[in-house]
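Reading through the structure tokens given below for one structure.
The values are calculated or read from the model by the stated rules, or taken from the named source; none is laboratory data. These numbers were taken from a predicted model, which means no experiment stands behind them. Cβ placement follows ideal geometry from the backbone for every residue including glycine, while neighbour counts extend to all protein chains displayed. Remember, those area values only see protein heavy atoms, side chains included, never the ligands or the DNA or RNA. Shrake-Rupley method; radii C 1.70, N 1.55, O 1.52, S 1.80 Å.
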Amino acid sequence: MNKSITVSTLIILLALVTLSSCVNYRTLERMRQENDTKERLIKELQKYSNSISNYNDQLKQQIEVFEKRKIERNKKNIGNTEHIDNTQALLKKYNSFFAKYHKYQQHKQSLRETAQDVIDQKKAMLENLKTALHELENLLYASVGEYEQTILISHLRQRKLLKNQLRKLNNEINQSMLYVKQMLKLEEENLKFNYSISRLQEIKYNYRVNTGSNLESMPNFPWPPLHPSAYSVIPSTLLPSLTNNHYLKNVAEKLETAFDQAGYSQKKYYQVPDGFVLVSQLEQFNSDGTSKTPPDRWVTDYLPLKKFSLTSYLKALFTANPGRYRIIAFIVTSQPFEESKKTVTREEAMAWLDNGMVILPENIGKQPYTDKHYCTAFIYEFEQPGREKKPFFKSLSNLTGKDHLQKSNLWTALQQ
Amino acid sequence: MRIPITNTKKRLAIIWFSGSGFLFALLFLQTIFGKYGTEIKEIKDPWGLMLPTFMPTLSLIIGTLIADATASKKDTKEIATVDRFFFRLSCFLSIAYLLTVILTILLSPFSKLSLLELIKLSNLWLAPFQGLVTASLGAFFVSKK
């Protein structure tokens, strides 16, 4: 009995143990599975959180870009609004102009109508007179006897008068028609003239606003240019070519470079119609046209003999050795001109270097260099016979303009 | 030591005629080649200033020489003599004076002043010089002792 109880208890215990172990195993399995799922879930959550943070960063970047674009758009809008305001203002102007033009058209129409009314009235009068004439003629044809003849004569007289009146009325009608036509023409021309004036003023104003400069401040070269001692037209092959869309500033640079290479350090710019003038400083030169060596070249006083050679000494001893001076001015313009008959004194020519501008203003430099533009070198030569004598302008130089340019090395510099 | 005065006169005359002749030739060539310009008024000025520097002395010398040449033999019995030192001094003064006048023209190309201005200014240094020269020559050509 006891053995069976113990065996049964043992069996029961075994069963319980196995059950518990089974249960524990299952719970463990379940727990492990739950852990696995938890870990998986955690991993997925981390992934999601990472992706969310990435999306957040991207969103932030997008927002920043969007903000920047918004600011830029606002700026453009402001510029656009300004531009829109300007164009709207211009549109208003044009609208007001066209409103005026429309009024003028209406006025013209009313004038036409009134003229037409006058013409119609006169035509009606004419018709009435014609019918009266017809009636008189009918009376004329229907007349019998002497009494009728006197009436006929008076009727004929009246008819004559009526015909004259008719003729006068026709003339008046024609004249009034002509007058109306002339008035209409004059009004149209007046409108066109006013429109072109307003347009020109607008262009001038816009030009000043855009460039911010006043053309009138640049000093003017005497125009037409004063009579030179010699001149030479610079061939277009020595100037910037026309095929490469050059401007006047390119021509100015070429001339400045030529002056620098030839030793002229000081020069000034002046304004001329549709171009400019570049003037050199006064220099002394020898009788053959070559420039004296510096510093004698830039001395404006009469110079004694400095370097001894028998020939130069004998020449200086026995012959008059006048001082020779010249100023070279390059004139670039598209306007044809005839030189003035007035001449210049040495002091006036030297004053050209006191005034004038050192560089070419941008508003002139940006003007296109066209095939109508040409460059002329004007040489103003002065001679001083002796130290005690005043220098005078030589109206005709012993050298040609090209000789002056060649001997002063300007021609060679332009060819480079 | 004393030397005959006739010899000294001749030597001084040679000096003066040579120097004056050269000076005259310079002025003449300058006038011909247009140094003084082309206006007659301009040309008269330098001639009017330069001629008085040598012409009076030359006239004196010529006059005395002619007078000596035409004098009778009776007047020339006693040979006049002069101290050699005095003769040499007169020669030196004459040569220096003529050189100064000639150099005024020859050095004018190197001057900042014009030739006419230099000639006008030359009176400053020639006037005192001229007095000494004239006095020394007077002893030779005017005095009869």
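Laid out as a table, the results:
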read-out	value
In the range B:27-66, the residues that are within 11 Å of chain A (Cβ to nearest Cβ), of a type in the set (Val, Ile, Thr) and assigned to a helix (DSSP H, G or I)	B:THR31, B:ILE32
Tabulated pairs, the range A:316-335, first surrounded by fewer than 20 Cβ atoms within 10 Å (Cβ to Cβ), second assigned to a strand (DSSP E or B), C-beta under 7 angstrom, 6+ apart or interchain	A:THR319/B:GLY34; A:ALA320/B:GLY34; A:PRO322/A:GLU383; A:PRO322/A:GLN384; A:SER334/A:GLY275
Residues of the range A:242-271 satisfying the condition of being within 18 Å of A:TYR380 (Cα to Cα) and assigned to a strand (DSSP E or B)	A:LYS267, A:LYS268, A:TYR269, A:TYR270
Residue check, A:THR400 on the phi < 0 side of the Ramachandran plot, in the same structural domain as A:GLU283 (by TED's automatic domain parsing) and under 45 Å from the mean Cα position of the chain (by Cα)	yes
Residue within the range A:260-274 that is touching a Lys or Arg at 6+ places or on another chain (Cβ under 9 Å) and crowded, with 21+ Cβ neighbours inside 10 Å present	no
1 or more residues among the aromatic types (Phe, Trp, Tyr): qualifying helices (runs of 4 or more DSSP H) within the range A:306-372	A:310-318
Residue that is farthest from the other protein chains (Cβ to nearest Cβ) [pool: residues in the range A:373-389 that are charged (D, E, K, R) and outside any loop (DSSP other than H, G, I, E, B)]	A:GLU381
In the range A:220-241, residue modelled with the lowest pLDDT [restricted to those that are loosely packed, with under 14 Cβ neighbours inside 10 Å and assigned to a loop (DSSP other than H, G, I, E, B)]	A:SER241
Residue in the range A:180-197 that is open to solvent by less than 90 Å² (accessible area, probe 1.4 Å), at pLDDT below 75 and either farther than 26 Å from A:LEU111 by Cβ or among the hydrophobic types (A, V, I, L, M, F, W, C) (or both) present	yes
Enumeration of residues in the range B:54-64 that are open to solvent by 50 Å² or more (accessible area, probe 1.4 Å) and of a type in the set (A, V, I, L, M, F, W, C)	B:MET55, B:LEU60, B:ILE62
Search result, residues across the range B:104-125 that are closer than 16 Å to A:ARG387 by Cα and either within 7 Å of chain A (Cβ to nearest Cβ) or in contact with a Phe, Trp or Tyr (Cβ under 9 Å, 6 or more places away or on another chain) (or both)	B:PRO109, B:PHE110, B:SER111, B:LYS112, B:LEU113, B:SER114, B:LEU115, B:LEU116, B:GLU117
Any hit, the range A:298-305, residues being without any contact (Cβ under 8 Å) to a residue 24 or more places away in the chain and out of contact with any strand residue (DSSP E or B) (no Cβ under 9 Å at 6 or more places or on another chain)	yes
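Results for (1) more than 14 Å from chain A (Cβ to nearest Cβ); (2) open to solvent by 20 Å² or more (accessible area, probe 1.4 Å); (3) part of a helix (DSSP H, G or I); (4) acidic (Asp, Glu), shown as yes or no for each residue.
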site: B:PHE87; (1), (2), (3), (4): yes, no, yes, no
site: B:LEU93; (1), (2), (3), (4): yes, yes, yes, no
site: B:LEU99; (1), (2), (3), (4): yes, yes, yes, no
site: B:ILE102; (1), (2), (3), (4): no, no, yes, no
site: B:LEU132; (1), (2), (3), (4): yes, yes, yes, no
site: B:ALA135; (1), (2), (3), (4): yes, yes, yes, no
